[in-house]
Each structure stands twice: as structure tokens, then as C-alpha cells.
Amino acid sequence: MGRVGTDAGGTKGDLPDRSSREWCDEALTRLDAGRPESALEAARRAAELDPVAEWPQRLISLAHERLGRDADAVPAAERAVDLAGGSWPARLRLAGALRRVPGRWREAAGHAALARKFAPERAGPQVMLGDLALLRGEHGAAERAYRAALAIDPADPQARVNLALALLRFDPPRPHHDPAWPVDPRETGRARRALEVWSRQVRLLVAVATIVIAGAALLLDWGAQARLCGFAVLVLLVPLTVRQARRVGLWPYAGAMLGRDPWLGASVASAALSALAFAGWLLLGSVHVLPASLDPVWAGLAGISVLGWPALTALRALAEAWRGHPLRALAETERAGKTSREAGRETSRETERMAEREAERVAGRVATRNAGVALWLVLGRTWSVLVALLAVALAVRPGLAVAAVVLPYPLVRGYLRARRRGDRWLAAATGLVVLAAGAGAAGGLLGSAWAWRAGMGALAAAAVVFVARALHAWWRGGPGPWRSSLLMCDLPMGAEPSVALDSEVRRTFSYARSIVLAYGDAYGPRVAGAVASVTSSGELRLIAETEAWQAIEDDPRVAVFASDPLQRRFWVEVRGIALADSDVMRVTPKQVLVGEFPGRHQRR
């Protein structure tokens, strides 16, 4: 029937810009090998040899991004879009570059949406839309995008790993910052630090002052002097607050920051509440004869001042353990860890096979790390339910503790499936929780005091193991058993080779007497005549009827058909994306098909 050219382009031997594409292949190989500086040099060489090709520009952008030069990655990506506006990899590359630039998140989402419109059969645009939603904390939208990507390509490793993050209700690195804001995240970061420092200083001063004043009054009988020192602490809070307020700077965004990061808002509110409780405690303590009815209020205010901080910390740990769906996330990370592209799967380029293998290795490492965090979250849930169940059983009915024997099942099943046996801390904590469940059930069934002690002791030991694991991670600067250790899978996007028109295809369009344009509208497929020419960058420029212009606004996917009048036996079909450009229609190729008409030349 002929040959088919796909998104990967043709072979090197039949391309007019062979040297440029070979340099692009080399740049992609170096990127996959972790040599971005060398890849940048190769991509620039390719761009010098073919200035109107958009693939080298995308590779230049990718190399800059790998080198951490986010600002330098944008111009090359924009240049690629200018050269081939209908190229879905170019739109995807520009979306990936813009998402790292402050205030340009909406532009990135717009280009990703165009990439999805241009190539609905590809998973990459859906993954990019999911990543953009996940960075903004829109977990529902991210989950829908990742599932759409997996419906297209069930083996996509990035979609699988990041879907697990969406199920875990992943917090982005800057949860207080909206990437759509036209403000540098470093500025909102400084504002966040000022608010955190203020709340930390206020809570610490108030807690220490409360303990010191109570100790001085009860042990040394220095109540009046201690209360004066307490009022001095209140006065000290005023310049401290003014100083940190000046450092905030971005007060118009402060309210939105507190809303986006609920724990930051809770910390600030807790500091303000602690200061008010401390002031009320001092005022009530100044009354010479305090009514007995106000004694609980006075003691409660002192408790808020001293215990507010640890209580908020414990509440946060419990809330984070119960947030999201870790068991479902574990199932997704397990699939991502085991998923590999089909062995021996043929692609048209060796560089694509190398890129796939590298993507699988990176995604596997990220999936393994995230699975460990998810297991710690499941362990925290199991531990908290066991504590509540055994406490209720001791207080109400010991027989209820028998139900504890089934509680560790999801934890053990997830642990065995995730194969996290290399984490000795997690293994020890899991074993202690299982022991606590078994001992508690035995205590409720047999009424053995030793079984109860063993169960409660195992629960306490599991908490100690968690604290020790957290301190070990903090001391060594490694990932800890908490949500902030979760990682997004961020693989390079937009490196796919562009489709080239070889000399035979160019000659066919140059000498064809009739060009046929096929497009779709609300009434179905349409066919119309057109006049076409081929640009030096490999795009088709068409002049077509008005109805076609109106249709491509809704669906820009078209096919252009031409035959060779010189040989009268070859036909060419270019499938691509059509965009309006002044008074002509630009068609960026996605796929090229060349065939042969049947005739006497085929007889034997």
C-alpha cells in the first residue's frame, strides 16, 4: 500500500534536513542521559542548521529547564509555537515552561488545552492539565485529567504516579501561593515566613510566660510581681507584631493565602487566641477575690495559652493522616511501580525507546517513595482507630476490643503489596500495631490484664518508633514519614520529533493540479477544493472556501490530499492541524501518508 509517516518523522536517509534532525536526536539522547548542558549545545547546532524548524527550539527550551533556567526556557518555547502554531508538542512545551513563571499559569493552562484540542488521542496534554491543576491544589480536576490520560495510555507512568498524589490530596510545595497570581512566589513566601514567625513567637512567649507566672505565684508567692511581668510581655507583643506586619508586605493577598493554606491560617488564629487567652488570664488573676464559678474559666484560659500549640500540632497530624484516600493511592503507585512499556515494543526511533525507559525508571523511584509515605498515613489511621477502640472498650465494654483484630488488615495488605520491606522503621511500627491489635483483642476476649498492658504498650512503642523515624529523617535531611515528603512525577514534555515533509511529498504538492481539503463540521465530514503551497518550515499554506475557515475554529484537525500529475500514480495525504493566519490557512503536519495508485505499472 505504501508507507506511513507518523509523529516520529521518517528515517534519517530520506529527510532533506538530515543533519539538523540528527543533531536533534543527539540532543534528546543527551537529555535522557542527564547531560543538559551538552544537550543544549546539540540543540543549538540543530537550530543553526535549520532556523525555521521548531523541534530544535523545543529541545533548547527543555535543556534550559533541566538546567534550572526557567526564564530562559520560555523564549525558545515561544519561538517553537511561532514557527508551528498547530504543533501540539510545541504547545505542550510552552505550557511546561510557562507553568514555572510567576503569574503565567493561566497562559500555561490555555496552551495545554490547545494541545489537547490538537491531539486528543495523546495522553501528554491531559497529563499536563492534571499537573497544572495539582500545582494549584485542584485535586478533583487533576484526578479527572489523569484518568482521561490513562484511558488513552494506561501505561503512562507520570499519570499513574500523579493520580495517586491527587487521591492523597497532595499539597504543592507552596500551598499558600496560587500560581495564577501575578506575583512572584518568593514574595508570598516571605509573607508566609513573616506570619509563621509571628505566630511562633507569640505562642512561645505566651506559653513560657504563663508557666513562669504560675510557678512564681504558686511556689514563691510572687503573684503580683509575676503578673506585672505578664503585662510587660503583652506590651512586648505590640512591637513584635508591628515588625512582622511590615515584613508581610503583600497584605492584599494575605487573606487568600490563609484560605489556601488552612494550617497557616490555623497557626495565625491560634497565636491570636493564645494572646487573648493570656490577657484574659492575667486580668482574672488580678482580681483579689475570684468567684468560684470563674475558677474553671481562669484555668481554661491558662490551658489555652500553654497547650494550644501542642494541641494544634496533634490535630494537624491526625487530620493529615485521615486526609485523602491512601489505600486507593497505594493501588495506583503499585501499578506505576510495576508498569513498564511492553517489552520489545517497536518504535520508529531509538531515542524514543531510551526516553521511555528513563521515564519508567524515574516514575518507579517516585512511586516507591510516595508508597512509603502512603503506608505511614495508613499506619497513622490504624493506630488512631486502635487507640480509640481500646479506650472505649476499657471504659464501656471490654468485649468490644475483639474487633481490633481486623483493623490492621488494610495496613498489612498495603505493606505487602507495596513491598516496602527495606524500611525497617515502617516494618517495626507495622509489627507493633499488629501486636497491639492482637493483644487488645485477647484482652477483651480473655479479660487478661497482661494482654491489655501489652496492647497499650505496643501502641505507645509504635508512636515512639514514628517519632524516632521523624527525628532520624530531620537529622539526616532526608524524606520523613509525612505528607511533605510526597513528590510529583515531573517528566519532560514536548520533546517528540516533528513531522517532516520529504522531497517527494513537497514535489507532489508543488506540482499537483488539484488539492482536496477534508475537514469536519456540525454536519459531519466535508471535502472542498483548495490551493496549497509548502513553506520552508514544512507547513502547508492553503486557500480554501469560507465554510472551511468557520469549521476549523471548532475542530482544527484536517487532512489535505494531493496526487503527483507527473507520475500519475502517487498520492499524498497530510493530516494535521489548521490555524488561521491572515488570509491563508496554516496546516502543521501530524501524520504523512504516501501511497500508490493501482495501474498497469503494477502488473508483472
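Any residue in the range 384-394 that is without any contact (Cβ under 8 Å) to a residue 60 or more places away in the chain, of a type in the set (S, T, N, Q) and under 20 Å from Arg323 (Cα atoms)?
no
Go through (1) surrounded by fewer than 21 Cβ atoms within 10 Å (Cβ to Cβ); (2) within 30 Å of the chain's Cα centre (by Cα); (3) over 24 Å from Phe170 (Cβ atoms) for His472 and report which single condition fails.
(3)
Which of the residues belonging to the range 412-438 are modelled with pLDDT of 90 or more and crowded, with 18+ Cβ neighbours inside 10 Å?
Across the range 412-438, the qualifying residues are Leu426, Ala429, Thr430, Leu432, Val433, Val434, Leu435, Ala436, Ala437.
Do we have any residue at all in the range 95-109 that's assigned to a helix (DSSP H, G or I), open to solvent by 10 Å² or more (accessible area, probe 1.4 Å) and more than 20 Å from Ala73 (Cβ to Cβ)?
No, the range 95-109 contains no residue that is assigned to a helix (DSSP H, G or I), open to solvent by 10 Å² or more (accessible area, probe 1.4 Å) and more than 20 Å from Ala73 (Cβ to Cβ).
Given Ser503, Ser448, which one is small (Gly, Ala, Ser) and at pLDDT below 85?
Ser503
So is Pro479 under 30 Å from Gln126 (Cα atoms) and surrounded by fewer than 20 Cβ atoms within 10 Å (Cβ to Cβ) or not?
yes
Out of (1) of a type in the set (Ser, Thr, Tyr); (2) surrounded by fewer than 17 Cβ atoms within 10 Å (Cβ to Cβ); (3) in contact (Cβ under 8 Å) with a residue 60 or more places away in the chain; (4) more than 18 Å from Leu579 (Cα to Cα), what's the single condition that is false for Tyr523?
Failing condition for Tyr523: (3).
Go through the range 141-259 and tell me which helices (runs of 4 or more DSSP H), entirely inside it, have 1 or more residues that are in contact (Cβ under 8 Å) with a residue 24 or more places away in the chain and surrounded by fewer than 16 Cβ atoms within 10 Å (Cβ to Cβ).
Output list reads 185-219, 223-248.
Hey, among the residues in the range 282-294 that are open to solvent by less than 70 Å² (accessible area, probe 1.4 Å) and in a helix (DSSP H, G or I), which one's modelled with the highest pLDDT?
Leu282
Looking at the range 50-76, which of the residues that are of a type in the set (A, V, I, L, M) and more than 18 Å from Val499 (Cβ to Cβ) is surrounded by the fewest Cβ atoms within 10 Å (Cβ to Cβ)?
Ala71
Which one of Arg316, Arg323 is open to solvent by 70 Å² or more (accessible area, probe 1.4 Å), charged (D, E, K, R) and at pLDDT 90 or above?
Answer to the selection: Arg323.
Could you please find all residues in the range 273-284 being under 38 Å from the mean Cα position of the chain (by Cα) and touching a residue at least 40 places away in the same chain (Cβ under 8 Å)?
Of everything in the range 273-284, those that are under 38 Å from the mean Cα position of the chain (by Cα) and touching a residue at least 40 places away in the same chain (Cβ under 8 Å) turn out to be Ser274, Ala275.
Mind telling me which of the residues Ala461, Ala451, Ala470, Ala441 ends up being at negative phi and in contact (Cβ under 8 Å) with a residue 40 or more places away in the chain?
Ala441
With the requirement that a residue be open to solvent by less than 50 Å² (accessible area, probe 1.4 Å) and under 25 Å from the mean Cα position of the chain (by Cα), what does the range 29-43 give you?
Once the filter is applied, which keeps residues that are open to solvent by less than 50 Å² (accessible area, probe 1.4 Å) and under 25 Å from the mean Cα position of the chain (by Cα), the range 29-43 yields Leu31, Asp32, Pro36.
I'd like the residue in the range 124-140 that is among the small types (Gly, Ala, Ser) and open to solvent by less than 10 Å² (accessible area, probe 1.4 Å) and, out of all such residues, is nearest to Arg174 (Cα to Cα).
Top of the filtered list is Ala133.
Could you tell me whether the range 439-450 includes any residue that is open to solvent by less than 60 Å² (accessible area, probe 1.4 Å) and either touching a Ser or Thr at 6+ places or on another chain (Cβ under 6 Å) or under 30 Å from His472 (Cα atoms) (or both)?
yes
Do the conditions hold for Ala73, that is, is it over 27 Å from Ala133 (Cα atoms) and small (Gly, Ala, Ser)?
no
Could you please find all residues in the range 389-425 being part of a helix (DSSP H, G or I), within 17 Å of Glu334 (Cα to Cα) and not hydroxyl-bearing (Ser, Thr, Tyr)?
Result: Pro410, Leu411, Val412, Arg413, Gly414, Leu416, Arg417, Ala418.
State all residues of the range 581-598 that are over 34 Å from the mean Cα position of the chain (by Cα), assigned to a strand (DSSP E or B) and of a type in the set (A, V, I, L, M, F, W, C); if no residue qualifies, say none.
Residues satisfying the conditions are Val584, Met585, Val592, Leu593, Val594.
Every residue in the range 87-113 that is within 15 Å of Met493 (Cα to Cα) and of a type in the set (A, V, I, L, M), please.
Ala90, Leu92, Leu94, Ala95, Ala97, Leu98, Ala108, Ala109, Ala112, Ala113
Tell me, yes or no, whether the range 47-67 has at least one residue that is polar (S, T, N, Q), in contact with a Lys or Arg (Cβ under 9 Å, 6 or more places away or on another chain), farther than 26 Å from Asp178 by Cβ and in contact (Cβ under 8 Å) with a residue 24 or more places away in the chain.
Checked against the condition, which is being polar (S, T, N, Q), in contact with a Lys or Arg (Cβ under 9 Å, 6 or more places away or on another chain), farther than 26 Å from Asp178 by Cβ and in contact (Cβ under 8 Å) with a residue 24 or more places away in the chain, the range 47-67 yields at least one hit.
Given the criterion at pLDDT below 90 and among the small types (Gly, Ala, Ser), identify the matching residue among Gly5, Gly86, Gly96.
So the residue among Gly5, Gly86, Gly96 that is at pLDDT below 90 and among the small types (Gly, Ala, Ser) is Gly5.
Given Ser510, Ser484, Ser537, Ser533, which one is open to solvent by 80 Å² or more (accessible area, probe 1.4 Å), closer than 30 Å to Trp23 by Cβ and either in a helix (DSSP H, G or I) or touching a residue at least 24 places away in the same chain (Cβ under 8 Å) (or both)?
So the residue among Ser510, Ser484, Ser537, Ser533 that is open to solvent by 80 Å² or more (accessible area, probe 1.4 Å), closer than 30 Å to Trp23 by Cβ and either in a helix (DSSP H, G or I) or touching a residue at least 24 places away in the same chain (Cβ under 8 Å) (or both) is Ser510.
The values are calculated or read from the model by the stated rules, or taken from the named source; none is laboratory data. This one's a predicted model, so the numbers in the text were calculated from it and none came from an experiment. In this analysis, Cβ positions are derived from the backbone assuming ideal geometry, glycine residues included, and neighbour counts consider all displayed protein chains. Remember, those area values only see protein heavy atoms, side chains included, never the ligands or the DNA or RNA. Shrake-Rupley method; radii C 1.70, N 1.55, O 1.52, S 1.80 Å.
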